[in-house]
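Right, one structure below, let's go through it.
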Amino acid sequence: MSEGIVYQNKDILFKILGQTYKEKSFAAYGIDLPPIRELLPTDLPKIAANEKSIDNLFLLEDGTYAIVDYESVYKKANKIKYLNYIARVMEKYF
């Protein structure tokens, strides 16, 4: 067994850091959104062969949600993944 840094190391780090974002904002990223009220669970169960989970899901002070998914490379095909995330969040929280 080889040891080292796991392939998903950045995802793991950002998930852990997401826990510190409560009452902060996305202003540092140049994104104009209300402050974060709460970090929500990101497991949005759905029976599927390719189950994916969001990196972070935040409930903002104004009652809206911010879905944050970290990518190291831009892929146009990921937009479909994000649409599915939005649909699953709406199914769970609306």
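Laboratory data are not the source of any read-out in this text; all were calculated from the coordinates shown. Being a predicted model, the structure only gives us computed values, none of them experimental. All Cβ positions, glycine included, derive from the backbone under ideal geometry; neighbour counts span all protein chains shown.
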Test of understanding: in a Gaussian network model of the chain with alpha carbons linked when under 10 Å, which of 25, 72, 53 would top the mean-square fluctuation ranking? 72
Treating only the Cβ atoms of Lys and Arg (+1) and Asp and Glu (-1) as charged, compute the dipole magnitude of region 9-93 about its Cα centre; round to the nearest 20 debye. 340
Name the shape class, rounded, prolate or oblate, that the alpha-carbon gyration tensor gives for the chain, where a ≥ b ≥ c are the square roots of its eigenvalues, rounded holds for a/c under 1.5, and otherwise prolate holds if a/b is larger than b/c and oblate otherwise. oblate
Run the numbers for residue 23 and residue 72: contour at 0.36 nm per residue of separation, minus the present Cα-Cα distance, in nm. 15.0 nm
